[in-house]
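Novice: I have a structure here, written as structure tokens, and I will follow up with some questions on it.
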Amino acid sequence: MEYTRKLSEKLSVEQVKIELLNTAYGNSNTFLAKLDPRTLFVWYLFFGIVPWFIHNQVILLGMFFFMIATTSMSKVSPLIILILSLGLLGQGGYLLIASWFFGGDITVILPLLILTLKLSIISLASITVFCSMDPEKLSDGLLKIGLPGQVSFSIAYGYRMLPSLLEEYHHIFLSFRLRGKAPEKNGLLYWRSIIYFSKIAVLSFYPLLLSTTKRARTTVEALETKGSFYGFNHPEVKKIKLAHLSLRTRDYTFLIFSIIYILCVFSVGNNI
Amino acid sequence: MTEQILIENVTFKYPGGELPVLRDVSLTVNKGDFIAVMGSNGCGKSTLGKLLNGLIPHYYVGDFTGKVTVNGLLTTDHKVAELSHQVGYIYQDFENQLVSPRVLDDASFAPLNFGYHDYKDRGRQSLATVGLTGLDNEFIWQLSGGQKHLLALAGVLSLDPDILIIDEPVAQLDPYHAEETYNILKKLNEDFGKTIIVIEHHTEFIADYCNQVVLMEAGQVLWKKNTQQALREVNQLLDSQIYPPQVTQAAHKIGFLEMSDYPITLAEAVSSFPCYLKNTSNKSVPDSKNSDQLESLIKIEDISFSYKTINRSRKKVLKDISLTINRGERIALVGNNGAGKSSLLRLITGLVKPEQGNVIVHGRNTRKYSPEKMADLVTYIYQNPEEMFIEDSVRKDVEFFLKARKVPDYKLIVERILRQFELTDLQDRDSRLMSGGQQRRASLAIGVAMNPSVILLDEPTANLDIATRKHITELISSLGDQVGAAVVATHDMQLVAEWANRIIVLNEGEIIHDGTRDSVFNNLQLLEVAGLKPPQILELSRRLNMSQLMYTVDDFVHSVKREGTSYGIYTKTV
């Protein structure tokens, strides 16, 4: 009982909010966070796509270890890792069960493991990159590589709104609890409670949508007076906004190191 | 004096609106004015503001006739972007005006968008002007309400506009921060030469800070006068649902002064009302507490509470609090923003559990019962009514609790409550689309429908115009008979003085006083420490050395009339 209470405290909405914000904004001091967004884009372009086309287990393992290193360098929140592991295990597990069900045997496991390995590499690469860029940086990076101002601004602004939205959602959720009636008995495996909570979790979205629409009016007016639309249409504004972005030695070092490492992994992998 | 703003015969109707919001409005504002726009909810004050920064007619393309000139620029010929260099607008819901996650980024957002190379310096400078320094890299959601308001102000100041429009600057602030905000506006007005327009109905602030007052009603400007003259128009203000300063009301009600001599500030009142010798036999109101007959409803035992901040450190909000709440008590929980008032209320609802200690309501320990169970006994009315609206009509929201519990004849109960809160005509409306006062009534109705033993209200009178506030205050007073005990967390000292029979003062998470209005308002040091500002009339009775503190204007008037006749003072004054 004590244990479930502790667990439920860890998984409270407050906690999720804090973890999300930390994932988004909290890691600005790591080595990776100091890199230029373009460096991270290029890096991600490679590690997000290439693993799909590689079947050599040694190379994949080499990449996997590299990803573990970068992920730990970027100080990712434990919650994210937990979610990722659960997702991967679930994915692999269900494929395994499905294949056994259709008459597969132990030989099926190996290709499944490889698939899971690929997924892990790609997921860890995504986590590394997105945890190392706060939304502002991501938005600046996208602007720099030529996306329209509106798109990049929406990303930064979306994150700015996230905590307020979560908080409001939480309030509405609690309103439901304060006025609703929880089932008297939990039922087998808590099924009654699970249905009750799932129901209000979904219902809480409707009031949230309505009140957010209302708030958005002030924001849009404020953006108009603060000149964001002026900024989108004037290239010199973009220049000033992005003046702080530059590729430094750090960026080149990181990219060169990655290339050398990958070359080594490939040569080892192909010779075994 | 130069005419800086010129509004000539403007009529405006929002697209899709049925009636014009502004009707043939003409107004001039001089450079360097500190001007207040008053009027009841929905009279067109905010629309008037949007006229000046060009949102009307550029952004809201409604039916617009007339001419508006700001700093020599005709608003129809110049875009919003250009006009925002002349006029800065701070919204009532200023939180939605902040668009960047970090403080300095938000303050320098506008200059960056307009392509100033020194945008960071501009942001820094405007932060310094409003006194928000050392927080450059702080996240905006870590700021307090008062700091967010200052940041919104810094955000518009970064473009160095000549004119600032502030929509209800103090609505969400405690008395201490409210005064601080006005002092900053005063500095901007006097030292930086800004023209300041506030949309305001706290006449006591208007008397202290503004030099001109505009009265609006139903989309029209009734008049513009200098502050002294304006606030002395007691009858006309009352007709427009605006309450003049308490001292002015008192002078008006006593009726021994000419209208032109009505005091509008505390200092003026002290010299125009007769001075009484301090009567040493202090007749205090009999203490209603009688410990023999007390039936305790809530027991709070040594609770501590803290919450996690974004950088995963814990912030202590309540320290070792012990408290018993008894039947029949009307408790006011007072203290500055961040003193822990809301946290204490939420602990009683069982929504959050204390780290140490126990909260026991009617013998139920909140640790062991779910919030749904506690809701049978305790009702919590949120500070922001919108967070309580979970259905799409007032009626459905009021029924929700009763229906979930399958109460027989719930329809009759709902009908009665809707009538009590004057919501019968509004019952099918979506609560979110109603006015602030109506929303507040709906949130109270939802709470009362739960038929609680204890009702907890978080800032029930914030953000309301004064007339609506009076109405809500009456409704809260009428709750007394329906519930066992009521606890109100509030900054509204008039509500405290008129309603509470027990006052608990919180400061930095600790109870520093637990007493009655006499023990609180007589303790100057306590008021100072907790940042409480007594109602003006009470302060006046203190300065006049009256035998007893006066909590309401009526008490004051009554007492002055009585003592006045016995000492023959009427002949002495005027």
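The values are calculated or read from the model by the stated rules, or taken from the named source; none is laboratory data. In this text, all values refer to a predicted model and were calculated from it rather than measured experimentally. Here Cβ is always computed from backbone atoms with ideal geometry, including for glycine, and neighbour counts include all displayed protein chains. Note: accessible area is taken over every heavy atom of the protein model, side chains too, but ligands, DNA and RNA are not part of it. Shrake-Rupley method; radii C 1.70, N 1.55, O 1.52, S 1.80 Å.
Novice: Would you please state which residues of the stretch A:136-169 a label at residue B:404 would reach in this model, taking the label point 7 Å out along Cα→Cβ and a backbone N cut-off of under 17 Å?
Specialist: The answer is A:169, whose backbone nitrogens lie closer than 17 Å to the label point.
Novice: Per-residue Cβ counts within 10 Å, from other chains only, averaged over B:410-420: what number is that? Don't skip to the end; give the middle numbers.
Specialist: On the way: counts 0, 0, 0, 0, 0, 0, 0, 0, 0, 0, 0.
Mean number of neighbouring Cβ atoms from other chains: 0.
Novice: Please compute the contact order of the stretch B:192-282 in relative form: average sequence separation of alpha-carbon pairs under 8 Å and at least six residues apart, divided by the residue count, as a percent.
Specialist: Computed over the stretch B:192-282, the figure is 22 percent.
Novice: Taking each residue in B:79-91, count the Cβ atoms of any other chain within 10 Å of its Cβ, then average. What number comes out?
Specialist: 3
Novice: Which of the peptides A:151-160, B:409-418 is most tightly packed, and how do the rest follow, going by the mean number of other Cβ atoms within 10 Å of each residue?
Specialist: Taking the mean over residues of other Cβ atoms within 10 Å, the ranking is A:151-160, B:409-418.
Novice: Gain in length, residue A:126 to residue A:271, computed as 0.36 nm per residue apart minus the alpha-carbon separation, to one decimal in nm?
Specialist: 49.3 nm
Novice: Another one. Let me check something: with ligands and nucleic acids excluded, how do A:191, A:43 order by accessible area (1.4 Å probe), largest to smallest?
Specialist: A:191, A:43
Novice: Something else: So, taking all protein chains as they sit and a 1.4 Å probe, how much accessible area belongs to residue B:471, in Å² rounded to tens?
Specialist: The value for residue B:471 is about 40 Å².
Novice: Could I ask something else about it? Could you pull the accessible area for residue B:458 with a 1.4 Å probe, rounded to 10 Å²?
Specialist: Roughly 10 Å² of residue B:458 is accessible to a 1.4 Å probe.
Novice: Report the accessible area of residue B:3, computed with a 1.4 Å probe over the heavy atoms of all protein chains in place, in Å² rounded to the nearest 10.
Specialist: 120 Å²
Novice: Can I ask one more? Between residue A:97 and residue A:50, what length in nm is gained on full extension when 0.36 nm per residue of separation is reduced by their alpha carbon distance?
Specialist: Net length gain for the segment: 14.1 nm.
Novice: Now a separate question. Order these peptides, B:395-408, B:66-79, by their mean beta-carbon neighbour count within 10 angstrom, highest first.
Specialist: My ranking of the peptides, most packed first, is B:395-408, B:66-79.
Novice: Okay, next question. In µm²/s, what is D for the stretch A:135-241 at 37 °C and 0.692 mPa s, where D = kT/(6 pi eta Rh) by Stokes-Einstein and Rh is the Kirkwood radius from Cα pairs?
Specialist: Answer, rounded: 194 µm²/s.
Novice: Now, a different point. Return the whole-Å distance between the Cα centroid of the stretch B:540-556 and the Cα centroid of the stretch B:128-188.
Specialist: 34 Å
Novice: While we're looking at this one, here's another question. Hydropathy first: keep DSSP H helices in chain A averaging at least 0.0 on Kyte-Doolittle, then drop any whose Cα extent along the axis falls short of 15 Å, and list what survives.
Specialist: Result, helices passing both filters: A:13-25, A:37-49, A:57-73, A:78-101, A:109-132, A:149-179, A:191-203, A:249-271.
Novice: For the stretch B:309-382, state which GluC sites (Glu not before Pro) are in a DSSP loop and have at most 16 other beta carbons lying within 10 Å of their beta carbon. Intermediate values should be presented prior to the final figure.
Specialist: Numbers: sites: B:329, B:355, B:372; in loops: B:329, B:355.
Counting only loop positions with at most 16 other Cβ atoms within 10 Å, the GluC sites (Glu not before Pro) in the stretch B:309-382 are B:355.
Novice: Taking each residue in B:389-397, count the Cβ atoms of any other chain within 10 Å of its Cβ, then average. What number comes out? Working shown, then result.
Specialist: Values: counts 5, 13, 4, 3, 0, 0, 0, 0, 3.
Rounded to a whole number, the mean comes out at 3.
Novice: Next question, about the same structure. How far apart, in nm, are the 7 Å Cα→Cβ label points at residue A:65 and residue B:308?
Specialist: Each label point lies 7 Å from its Cα, and together they span 3.3 nm.
Novice: What residue among A:239, A:181, A:137 has the largest mean-square fluctuation in a Gaussian network model of chain A, using Cα springs under 10 Å?
Specialist: Fluctuation is largest for A:181.
Novice: Something else: Going by accessible area, probe 1.4 Å, with all protein chains left in place, what is the ranking of B:469, B:429, largest first?
Specialist: So the residues, ranked largest to smallest area, are B:429, B:469.
Novice: Between the stretch B:1-56 and the stretch A:101-168, what is the C-alpha centre distance in whole Å?
Specialist: So the separation of the two Cα centres works out to 48 Å.
Novice: Something else about it: At 222 nm, what helix-only mean residue ellipticity would chain A give, in deg cm²/dmol to the nearest 500, using -39500 (n - 2.57) for each DSSP H run of four or more?
Specialist: About -26000 deg cm²/dmol.
Novice: Using only Cα atoms, locate the centre of the stretch A:205-231 and the centre of the stretch B:347-385, then give the distance between them in Å, rounded to an integer.
Specialist: The stretch A:205-231 and the stretch B:347-385 have Cα centres separated by 35 Å.
Novice: What distance in nm separates the two pseudo spin-label positions at residue B:559 and residue B:142, each 7 Å out from Cα along the beta-carbon direction?
Specialist: Those two pseudo-labels are separated by 4.7 nm.
Novice: Along the Cα→Cβ direction, 7 angstrom out, place labels at residue A:167 and residue B:176. What is the inter-label distance in nm?
Specialist: Here the answer is 2.1 nm between the modelled labels.
Novice: If you average the sequence gap of Cα pairs under 8 Å that are 6 or more apart and divide by the length of the stretch A:135-241, what percent do you get for the contact order?
Specialist: For the stretch A:135-241, the relative contact order is 24 percent.
Novice: Further, regarding this structure: With a Förster radius of 30 Å, plug the Cβ-Cβ distance of residue A:14 and residue A:205 into 1/(1 + (r/R0)^6) and report the FRET value to the nearest 0.05.
Specialist: It comes to 0.95.
Novice: Using Cα positions and a limit of under 21 Å, work out the lysines in reach of residue B:411, with same-chain residues fewer than 8 apart set aside.
Specialist: Here the lysines satisfying the reach criterion relative to residue B:411 are A:181, B:396, B:403.
Novice: Quote the relative contact order of chain B in percent (integer), defining contacts as alpha-carbon pairs under 8 Å separated by 6+ residues.
Specialist: Details: 1103 pairs, mean separation 78.6, N = 574.
In percent, rounded to a whole number, it is 14.
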